[in-house]
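As structure tokens, the structure follows; a few thoughts come after it.
Just so you know, all these numbers are worked out from the coordinates, no wet-lab data involved. Model, not experiment: these values are computed from the prediction. No Cβ is skipped: glycine too gets one built from the backbone with ideal geometry, and neighbour counts run over all protein chains shown.
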Amino acid sequence: MFIGDGSQKEEIAVASRDGMTQISGASLTLRGSNSTDGALAMMGYRVDDWGDVAGDIVVDVSKFVLLQPQES
């Protein structure tokens with residue numbers, strides 16, 4: 001699974017705020033933008049003023065997780 005490809009212009013967040021999010025597979029790659037500040041890739045959700053967050057996040061990956069930060 002890929003979240004972000006390095007060219008996104010907006011933040012990408014994948015998860016459910018009020019229910020479980022489960023990712024299963026061989027690999028997971030999260031890649032922030034190479035060109036736009038703040039256009040990150042995130043497995044999860046932001047907490048804001050809209051109330052509590054109740055959703056668990058479960059990641060089951062058999063080979064690798066690759067995290068590539070946003071480049072400046």
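Quick notes on this one:
- Put a plus charge on the Cβ of each Lys and Arg, a minus charge on the Cβ of each Asp and Glu, and nothing anywhere else: the dipole of the chain about its Cα centre is then about 320 debye.
- Expressed per residue, the C-alpha convex hull volume of segment 2-68 stands at 74 Å³.
- Applying the criteria of a DSSP loop state and at most 15 other Cβ atoms within 10 Å to the chymotrypsin sites (Phe, Trp or Tyr not before Pro) of the chain yields W50.
- Trypsin sites (Lys or Arg not before Pro) restricted to segment 2-72 and DSSP loop, no more than 14 other C-beta within 10 Å: K9, R46
- Once backbone amide H atoms are built at 1.01 Å from N, A15 has G44 as its partners under 5 Å, excluding neighbours fewer than 5 places away on the same chain.
- Pair M1, V58: separation of 7 Å Cα→Cβ label points (nm): 1.2 nm
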